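These notes concern the structure reproduced below.
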Amino acid sequence: MFGGRFWNRLSLAQAQSPNMHSTKSTKMNCLPVLTQYITGLLEEADLIPEARKTQLSKLADYISNKSEPNHAIALNFICTHNSRRSHISQIWAATASAYFNLDYIATFSGGTESTAFNARAVAAMERAGFQIKNPGGDNPHYQVYFAENEPPLTCFSKVFDDPYNPQKGFAAIMTCSQADENCPFIPGAELRLPLTYEDPKVADNTPEERAVYDDRVRQIGREIFYAFTLINRKVNE
């Protein structure tokens, strides 16, 4: 069902385990600065507009209703260049799934074209508390750490249907309006959900650049954690 080196943090052995949908009350210990950041995000649900909560509830329902035994759930976050919003969303979703011990969820990202994970977005994620290693190259395969005892995410720019990503049976979350408009149909997707964000690129090379990127990272993190809080609540009912 999934292509390439697909799991990020979920192995094939886990996916085939009869206990893969088990949950634990103990939360994962994230990196210290990131833990403080997440605590803040969890207190900001009231900042999310009701229309956004409706869209986020659709994502939570999709995941909560996937009740088939031994069924891994894949989320593919899609924007135009796979350089900013889709990567930020993927990383937050992976962090939230680990934080709530929803270890059957795998996260991916892609674009309608590939470029590189933008250095400004990388820096903003580091300011939020992630540890990120850059191996270099034109399209670096960044190693993104959110916990000391968790394997890193490998994040690099790619098209949404790259073999690294799932080819069928996944949720396609459209994180930019341009990709949403240009890709009305995503082959293989079970759910196509518009969850678009303003591109922080509008502030590149301006005095507001850092603040705009930080705001977008926080907005996406706040909304992703809201959705995963709903999921965690449902699976533990």
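The values are calculated or read from the model by the stated rules, or taken from the named source; none is laboratory data. All values reported here derive from a predicted model rather than from experimental measurement. Here the Cβ positions follow ideal geometry from the backbone for every residue, glycine too, while neighbour counts run over all protein chains shown.
Residue by residue, here is whether (1) buried (at least 18 other Cβ atoms within 10 Å of the Cβ); (2) polar (S, T, N, Q); (3) in contact with a Lys or Arg (Cβ under 7 Å, 6 or more places away or on another chain); (4) modelled with pLDDT under 95 holds:
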{"site": "A172", "(1), (2), (3), (4)": "yes, no, yes, no"}
{"site": "P187", "(1), (2), (3), (4)": "no, no, no, yes"}
{"site": "R192", "(1), (2), (3), (4)": "no, no, no, no"}
{"site": "L195", "(1), (2), (3), (4)": "yes, no, no, no"}
{"site": "R210", "(1), (2), (3), (4)": "no, no, no, no"}
{"site": "V217", "(1), (2), (3), (4)": "yes, no, no, no"}
{"site": "G221", "(1), (2), (3), (4)": "yes, no, no, no"}
{"site": "A227", "(1), (2), (3), (4)": "yes, no, no, no"}
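Per-residue answers, yes or no, for (1) among the polar types (S, T, N, Q); (2) in contact with a helix residue (DSSP H, G or I) (Cβ under 7 Å, 6 or more places away or on another chain); (3) within 28 Å of K133 (Cα to Cα):
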residue: P166; (1), (2), (3): no, no, yes
residue: P187; (1), (2), (3): no, no, no
residue: T196; (1), (2), (3): yes, yes, yes
residue: D214; (1), (2), (3): no, yes, yes
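Within the stretch 56-101, the set of residues being among the charged types (D, E, K, R), under 20 Å from V122 (Cα atoms) and in a loop (DSSP other than H, G, I, E, B) comprises R84 only.
Within the stretch 197-208, the only residue that satisfies the criterion of being under 15 Å from I173 (Cα atoms) and surrounded by fewer than 18 Cβ atoms within 10 Å (Cβ to Cβ) is E198.
Residues in the stretch 205-221 that are more than 22 Å from A106 (Cβ to Cβ) and either assigned to a helix (DSSP H, G or I) or in contact with a Phe, Trp or Tyr (Cβ under 9 Å, 6 or more places away or on another chain) (or both): 10 in all.
Of the residues making up the stretch 117-138, those that are touching a residue at least 40 places away in the same chain (Cβ under 8 Å) and either buried (at least 17 other Cβ atoms within 10 Å of the Cβ) or among the charged types (D, E, K, R) (or both) number 10.
The number of residues in the stretch 128-170 that are under 24 Å from T112 (Cβ atoms) and either assigned to a loop (DSSP other than H, G, I, E, B) or among the polar types (S, T, N, Q) (or both) comes to 18.
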